[in-house]
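Report on one structure; see the data block that follows.
The values are calculated or read from the model by the stated rules, or taken from the named source; none is laboratory data. The structure displayed is predicted, hence computed values, not measured ones. Note: ideal-geometry Cβ built from the backbone for every residue, glycine included; neighbour counts use all protein chains shown. The protein model used for the area step is the full one, side chains on, heavy atoms only, and it has no ligands, DNA or RNA in it. Shrake-Rupley method; radii C 1.70, N 1.55, O 1.52, S 1.80 Å.
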Amino acid sequence: MTRIRPTRLGVEALIFFTLLLVGWLATPYSNLFFLLLAFFACLMGLGVLWALGNLRGVGGRVEDFAPQPARQPILAGFVLDPGRRPKEQVEVVLELDDGEGTQRARVGAVAVLEHRTALEGVLPPLPRGIHRIRSAWVRSSFPFGGVLVQRRIPAPERIVVHPAPLELRRGAPRSLVLAELGERLVTAGARVQPSGLREFRQGDEARRVHWRASARRGSLVVLEWDGEAEEALEVVLDRRADRKPFERALSVLAALGLRAQELGETLHLCSQGVDLAFGEGGRPIRELLHWLAEAEPLAPEDPPPPPCSPAALRLPFTRDLEPEARRAT
Amino acid sequence: MSLLLRIFLLDLVLLDLVFVQVTGQAPTRLLLPLYALTLASPFLVRFQDRLLYRAAWTLGLFLVFGTLVYDLGRQGLAPLLQDGLLLAAWCQVQVLNQIGPKQRPDLLFFNSFLIPLVTSFFSQDLAFIAVFALYVPVLLISLQLWNLERGGLPLAGRKVAWAIRGALRRSTVLLLLTLAVFLYWPRDFGRRGWVGEHFEELLGSGAKSVGFGDELRLGDTDLATLSLEVVLRARLLEGRPEDLPVYWTGNTFVDYRDHGWQAIRRGRLLDPLEQRFADEQAMSWKRLDARSWQRGPAEDCDGPRFRITFATARWNQCKLFLPAGPCALAILPPATPDTVVPLPDGTVRYTYAPGDLQEGRGLRYELRTRGMAPEPAGLQAAPTVATGPFLTLRRDELPLELRRIAHDVAGSLPPRSDQHFVVEALRAHLAASYEYLHPTQPGRAASLADFVAGRGGGHCEYFATTLALMLRELGIPCRLSSGYVPREWDPASRTLTIRKRDAHSWVEVLDPIAGWMIVDPSPASEQPGVTGDARAEGPWQSLIGEARRLWEGLASFDAEGRARAIRSLEKLPGLFLAALTRNPLWLALPLAVAVAALTVLLHRRRVRAAAAEPAVARYLETLRRLGIERPDERTPRELLASYREGALDAASLGRLARATELHERDRYAGGRT
């Protein structure tokens, strides 16, 4: 499907031509006036024809989107094929729902398209959610900018935008990550249980040492947190929460899911409507991110999450603070 | 804004200033600062954000606009277009110097087109079309570059040459299409428009053009333009081109008063002596039948026969143009005979009735003139008293210098010299002593007295008036005539074309034996002659002459020209087939051109494909070394994305990523940067 419309410059040109025509009709016939009038008319007419011809035979598609984090620029890949002749000034535009309405976003552009080309562009940040892509267009206002010609190209149906993951230390062992996570959650008033004490191991950070217990035992011991010892990290998400803590919990889950993907670990999520393992040996992390993109909080009277291991990490955090946890920190 | 775009916009504005300059309407002293400000714009742009800079430009605009308003109040509409041109030029330079994030160049583009449009009313020289031919590609390139920059895609490297070549191709196509529309689009060439007769007032004195009129007034120093508008075409039906009349008279002037001459308008000469002379000389017209008249003896009307057509229908009163001497005149249908009124001085006036107007075409008449004998047979002069009106002189209106010079020149000749010696001496003196300046040139004398005193040059009217008055001072009867001296003869169609710019004035001296003798006092180098004959010219002059001829044909295009163009187009296939039938080898030429064009196209495609091959070869080699199969339909980037999910170790993944990047750069970005 091809669309054509005048640009602002094109509208100005039409108005200008109309004024010229009025002047032409008002004054006695003059060969040079007619010549210049004909020139301007031919310029406009040929401008339209050249613009249409520039996109004739253009093909392309927008590549599938991997799940993208919210509130960050989105990398978009697209492929353009000029057809038999090189094309000039070609750009790709997506029409998508951004949660508040329909948005037109320019993905990328190329000045001269000589061969089949794969390019990358950037879309503006989108909020968390599944954003439907209404259409994708290749367009050009070549050569003079008086008209804009657009041709539709195939595009994926949606962009999955998952919560922006909390920043975690890359490459750190799970214990440290959980410890860090635990500290952050405790600092924010989370309800996190230390599961016990164990001997200090090579790689443990000095700040994790429980000095009082170490003094009592005569050897270094560290606090162990819920879920640290398990092979699969279990997380329980109770969706009966307010929006803000709920979103924060989703960010934590996104961070843990991406980390599990990176390190080849497994993450078991228990929540209302889901009780699945993701990652190594389970469903793809992509599905977790998809679920996170769509998840919405529930009312307090809704059923609780399914029962899970008591050692699971529980989200979202609340303001209750266990005395042991307080002492441990 | 990129430097490249700024340079092209600068060129556009420079060309606009040249357009204004070729009209001669704006003094060079006012245009020079505009040229300087235009050339300095790449430097001045750094001050764009400063308040003082913007205020200075605005102040300049107000000054120019104020000048326009002041001139309007003082001189009326006369200087409107001249001052308007200067204002438009200033606006162009101002926009150029203020283009930036807050000022788009859209206004500059539109203004740049408006300036040549307005200047076309003032100048129809070859210079106009030469500047326009430069203007078109610069405009197209500027539009393209601006469009690219607006989309965030400035050009660099070889893409610039690509864009410029493309713009030049498009310019050619555009100009050819414009020419085709101009030649073949149907239109009313005689349309007066809603403004009608007031248009010339609106244009002001600067757009006056040289032409024929019923009055001759000296002292107008305003610049006029040379109009290429065709007045009439005279097709030679019988006779030799060598016998073509040079001088075609429209009016004769007898009485010089109030610094000017006035032509006869009514059917009877005001001066009874002049009327008597005309009767005695039988120079009045004799009606032969409903549509025909004759002037002079019938046996003398045996020379060339013409069919004359006025180029456009003008419904106000006008004159026919006739060669000197006896002639027979026949008015052709559909004009009614009542529209034609032969006058006693030998001229003819006509007036259209509205029903007589032909679309785009004026009155047609046939003329048979006297053959050009080496010694033209004249009429016996009447006694001196009948020449009285041709000796009329108001000495109080004559500059003393004129009278003194006349007597000095006559006194330098041997006593009792024949009249024609005196006439020739005066003519030679004028031609040698006074500067000829065309109405399009500045520096002309403000009055006859200034001209005679050498305080300024003058055109043919000054020379003719001065000679006529000098001759009368010396008692030699004469009159002043005005009309046209054509310069264009087309041997193919045997047509003499008379244009407005061919208007001329000369003196006719009454010789006691030969009758009226034409004496042209304008200097010989400025005297027009019939062109179209083969003359010895250098190749450059021939080229310019040919270009000028083509341009003049375009600028004076009319209904007949359009009809000829259509007939030529219709004949083209037939001519082509006929040529092929006569000589089938001629088919080889267009075939050869087609084959050559196809070969060039295919070669370019191969070159383009070949340029991509080394980049592809390197990439494929990398894949082979990494043990990756050659991708089928996936692009290199798609292939890389598919391996990012863990099928390759980090080092191999890095090599693949690098190879992909290099491939894209080599293939699509014109090489490594």
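Numbers at a glance
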| item | result |
| --- | --- |
| Convex hull projection area averaged over all views, the stretch B:119-167, Cα basis, nm² | 4.2 nm² |
| Rough spin-label spacing in nm, given labels placed 7 Å along Cα→Cβ, for B:Leu63 and B:Arg494 | 6.4 nm |
| Spin-label pair A:Met1/A:Asp302, simplified geometry with 7 Å Cα→Cβ offset, distance in nm | 3.6 nm |
| Charge dipole magnitude, Cβ of K and R +1, D and E -1 - the stretch B:1-141, Cα centre, debye nearest 20 | 440 debye |
| Members of the stretch B:91-128 that become less accessible by 50 Å² or more once partner protein chains are added (1.4 angstrom probe, chain alone as reference) | B:Phe110, B:Phe113, B:Leu117, B:Phe121 |
| Within straight-line cross-link reach of B:Lys319, lysines at Cα separation under 21 Å, skipping those fewer than 8 residues along the same chain | B:Lys208, B:Lys286, B:Lys500 |
| Dipole in debye (nearest 20) - the stretch B:461-522, about Cα centre, beta carbon charges: Lys, Arg +1; Asp, Glu -1 | 220 debye |
| Dimensionless Rg over Rh [the stretch B:67-192; C-alpha; Kirkwood] | 1.05 |
| Of the trypsin sites (Lys or Arg not before Pro) in the stretch B:19-56, those whose Cβ has at most 14 other Cβ within 10 Å and which sit in DSSP loop | B:Arg50 |
| Nearest-20 debye value, the stretch B:1-65 charge dipole, Cβ charges on Lys, Arg, Asp, Glu | 200 debye |
| Nearest-0.05 FRET efficiency for B:Arg192 and B:Thr28, computed from C-beta distance (R0 60 Å) | 0.95 |
| Estimated distance in nm for a label pair at A:Arg132 and A:Val48, the labels positioned 7 Å out from Cα along Cα-to-Cβ | 3.4 nm |
| R0 of 56 Å, Cβ-Cβ distance B:Tyr70-B:Leu601: FRET efficiency to nearest 0.05 | 0.35 |
| Accessible area in square angstrom per residue, the stretch B:1-138, 1.4 angstrom probe | 45 Å² |
| Nearest-0.05 FRET efficiency for B:Ala446 and B:Leu413, computed from C-beta distance (R0 35 Å) | 0.65 |
| Sites matching GluC sites (Glu not before Pro) across the stretch A:58-136 that sit in DSSP coil, with at most 11 neighbouring C-beta atoms within 10 Å | A:Glu100 |
| Mean shadow area of the stretch B:1-98 over all directions, Cα convex hull, nm² | 6.2 nm² |
| Size of the A/B contact, given as accessible area buried on both chains, probe 1.4 Å, in Å² | 5500 Å² |
